[in-house]
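The block underneath contains the structure these notes are about, expressed in structure tokens.
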Amino acid sequence: MSETAADTGRQPAADAASGAPIQLENLSKRYPGNPSPAVDNVSMDIRAGETVIFVGPSGCGKSTTLKMINRLIEPTSGRIRIGDEDVTDIDPVKLRRKIGYAIQSSGLFPHMTVAENIALVPKMVGWSKSRVKERVEEMLDLVGLDPREFHGRYPRALSGGQQQRVGVARALAADPPVLLMDEPFGAVDPITRDHLQDELIRLQHELHKTIVFVTHDFDEAIKLGDRIAVLREHSHIAQFDTPEAILTNPTDDFVSGFVGAGAALKRLNLTRVREVEIADFPTVTVDDPLQSIFNKLRSGPHNELLMLDRRNRPYKWLRRGDLMRARGSLARAGQLVHDTVTRDATLHDALEAVLTDSGGRVAVTGRRGEFTGVVDMHTLMNSVHELLEADRLTAIEHQHDLEELRVQQTAQEQEGGAGA
Ligand SMILES: Nc1ncnc2c1ncn2[C@@H]1O[C@H](COP(=O)(O)OP(=O)(O)OP(=O)(O)O)[C@@H](O)[C@H]1O
Ligand SMILES: [Mg+2]
């Protein structure tokens, strides 16, 4: 598990610009020579500091919609507002300095070093040399690349995942309130993608930017999005709601098609270990005398103990028979702990760990890797049942509210009709 910003005690910059709301108003785009619009009359309110994900079939207009926000593509009609400013007609170059933009191929300039790529926008907006230099180091640090090592390298000397990180660092460098990302992790392998997603979540916890993120991958959407916009052809909005609502209450077959199979399993990605019951577990430490470990194993209600190392981190699972079999040698006894989860891990991660552990449980650790408790299969099953039940009730309530609204409206219409 990588160190988080909180672990290293790093603080967000005091002057960090947090997100601005984005409003799209009847936005349309017709490309010349194409009779049907790529984007047709889209209106959408994106709140300050939220991450909104666009998903939808290929060619439905996701990239076009995204690029209209920073006017890389000029809208044919409609308005765009960012913060309190109508940016539909302002100088697009100026506008783009206030909006970070990251794309699939990372979009780095090959003839510039990593540092020069990151420094691009801060220089353009007139930051002093020393401030730019400092910022480049800070950004590399933020995306988990050692400045000393990567500063002077050229993009071709980086792996795909590293290029992607530099792309994100560059997009964030001038501290824009808005960040647009078009399938930024599309071109990397699943493990690196998972890691980059975790990094983005961590960054967003610190920075609170307004992020609009395009992806093909619904699981990525669930993981990253505060809200997801499922788009049909011409960017018509099929559903725009929280991941929970879309998973449990898709508006129609088009949306369910996107959610795909296994909504219950996907739900696990939306819940964190800290939200379920973390149980106590009897522990000993490597420094405890053999006899007291023996006694604890024999007398306790459990036939198992967790041995912690000198820094209180999970080290070995010890069962009653283990010490006998190892003829009293602690060094040989027990099963090394090979997987732990933090309180911020998803239930999906926890389930994965529990399923691959022969004991059917996983140790939960705190920020410095110290032991805080265990989660087992039973707890996970109960939690998932409760979650799904709660989702179902919310969906029913939502339905009732809608029906009530409809009844009220009809009554009003009838009253209006009677009065006329
Ligand atoms: N420069 C262009 N000129 C003409 N038509 C274009 C242009 N760019 C995109 N289009 C068309 O507009 C529609 C929307 O394209 P867009 O790139 O926004 O889709 P998308 O949802 O991002 O697709 P994908 O998931 O494949 O990236 C498509 O039908 C595409 O062919
Ligand atoms: Mg696209």
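For ALA395, indicate whether it is small (Gly, Ala, Ser), over 26 Å from ARG311 (Cβ atoms) and surrounded by 11 or more Cβ atoms within 10 Å (Cβ to Cβ). Talk me through it step by step, then tell me what you get.
Details: small (Gly, Ala, Ser): yes; over 26 Å from ARG311 (Cβ atoms): yes; surrounded by 11 or more Cβ atoms within 10 Å (Cβ to Cβ): yes.
Here the answer is yes, as ALA395 does meet what is asked.
Scanning region 325-361 for residues that are hydrophobic (A, V, I, L, M, F, W, C), under 23 Å from the mean Cα position of the chain (by Cα) and outside any loop (DSSP other than H, G, I, E, B) gives VAL341, LEU347, ALA350, LEU351, ALA353, VAL354. Restricting LEU393, LEU318 to residues that are of a type outside the set (D, E, K, R) and within 16 Å of ILE293 (Cβ to Cβ) narrows the list to LEU318. A single member of PHE213, PHE254 is modelled with pLDDT of 80 or more and within 16 Å of ligand 2 (Cβ to nearest atom), and it is PHE213.
Going by the structure shown, is ASP7 away from ligand 1 (no atom under 12 Å from the Cβ), modelled with pLDDT under 90, more than 23 Å from the chain's Cα centre (by Cα) and of a type in the set (Asp, Glu)? No; evaluated as a whole, the condition is false for this residue.
Does GLY61 count as surrounded by 14 or more Cβ atoms within 10 Å (Cβ to Cβ), within 14 Å of ligand 1 (Cβ to nearest atom) and at positive phi? Yes, satisfied. For SER77, the stated conditions do not hold, so it cannot be described as over 29 Å from ASP217 (Cα atoms), away from ligand 1 (no atom under 11 Å from the Cβ) and free of Cβ contacts under 8 Å to residues at least 12 places away in the same chain.
The single residue among ILE90, ILE46, ILE99, ILE69 that is free of Cβ contacts under 8 Å to residues at least 12 places away in the same chain and surrounded by 14 or more Cβ atoms within 10 Å (Cβ to Cβ) turns out to be ILE90. From the list SER28, SER36, SER43, SER106, the lone residue that is within 16 Å of ligand 2 (Cβ to nearest atom) and not in a helix (DSSP H, G or I) is SER106. Scan region 241-265 for residues that are in contact with a Leu (Cβ under 9 Å, 6 or more places away or on another chain), surrounded by fewer than 19 Cβ atoms within 10 Å (Cβ to Cβ) and either touching a residue at least 24 places away in the same chain (Cβ under 8 Å) or at positive phi (or both) and the total you get is 3. Taking only pairs six or more apart or across chains, which ones have beta-carbon atoms under 6 Å, a first residue in region 202-215 that is farther than 13 Å from MET181 by Cα and in contact (Cβ under 8 Å) with a residue 12 or more places away in the chain, and a second residue that is more than 16 Å from ligand 1 (Cβ to nearest atom) and of a type in the set (Val, Ile, Thr)? Close Cβ pairs (under 6 Å, with a partner that is more than 16 Å from ligand 1 (Cβ to nearest atom) and of a type in the set (Val, Ile, Thr)) amount to ARG202/THR4. What are the residues in region 291-324 that are assigned to a strand (DSSP E or B) and of a type in the set (Asp, Glu), if any? Within region 291-324, GLU304 is the sole residue that qualifies.
Of all the listed residues (SER358, SER329), the sole one being at pLDDT below 85, touching a strand residue (DSSP E or B) at 6+ places or on another chain (Cβ under 8 Å), surrounded by fewer than 18 Cβ atoms within 10 Å (Cβ to Cβ) and over 20 Å from ASN249 (Cβ atoms) is SER358.
The number of residues in region 65-103 that are assigned to a loop (DSSP other than H, G, I, E, B) and within 14 Å of ligand 2 (Cβ to nearest atom) comes to 2. Set side by side, the residues PRO184, PRO176, PRO190 differ, and just one is buried (at least 17 other Cβ atoms within 10 Å of the Cβ), more than 16 Å from ligand 2 (Cβ to nearest atom) and closer than 30 Å to ARG232 by Cβ, which is PRO176.
When the test is whether a residue is touching a helix residue (DSSP H, G or I) at 6+ places or on another chain (Cβ under 8 Å), within 18 Å of HIS378 (Cα to Cα) and surrounded by 18 or more Cβ atoms within 10 Å (Cβ to Cβ), VAL276 passes it. Close contacts from region 367-386, counting a first residue that is without any contact (Cβ under 8 Å) to a residue 12 or more places away in the chain and a second that is surrounded by 13 or more Cβ atoms within 10 Å (Cβ to Cβ), with Cβ to Cβ under 8 Å and a gap of 6+ residues or different chains, come to none at all.
Listed here are the residues, each with its yes/no results for (1) under 22 Å from VAL188 (Cα atoms); (2) surrounded by 14 or more Cβ atoms within 10 Å (Cβ to Cβ); (3) at pLDDT below 90.
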site	(1), (2), (3)
GLU116	no, yes, no
ALA119	no, yes, no
GLY126	no, no, yes
LYS129	no, no, no
VAL136	no, yes, no
LEU142	yes, yes, yes
LEU145	yes, yes, yes
GLN162	yes, yes, yes
ARG165	yes, yes, yes
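Within region 46-64, if we keep just the residues that are among the aliphatic types (A, V, I, L, M) and more than 16 Å from ligand 2 (Cβ to nearest atom), the residue that is farthest from VAL255 (Cα to Cα) turns out to be ALA48. Scanning region 109-122 for residues that are over 25 Å from VAL212 (Cβ atoms) and either in a helix (DSSP H, G or I) or touching an Asp or Glu at 6+ places or on another chain (Cβ under 6 Å) (or both) turns up VAL114, ALA115, GLU116.
The values are calculated or read from the model by the stated rules, or taken from the named source; none is laboratory data. Being a predicted model, the structure only gives us computed values, none of them experimental. We place every Cβ from the backbone using ideal geometry, glycine too, and count neighbours over all the protein chains shown.
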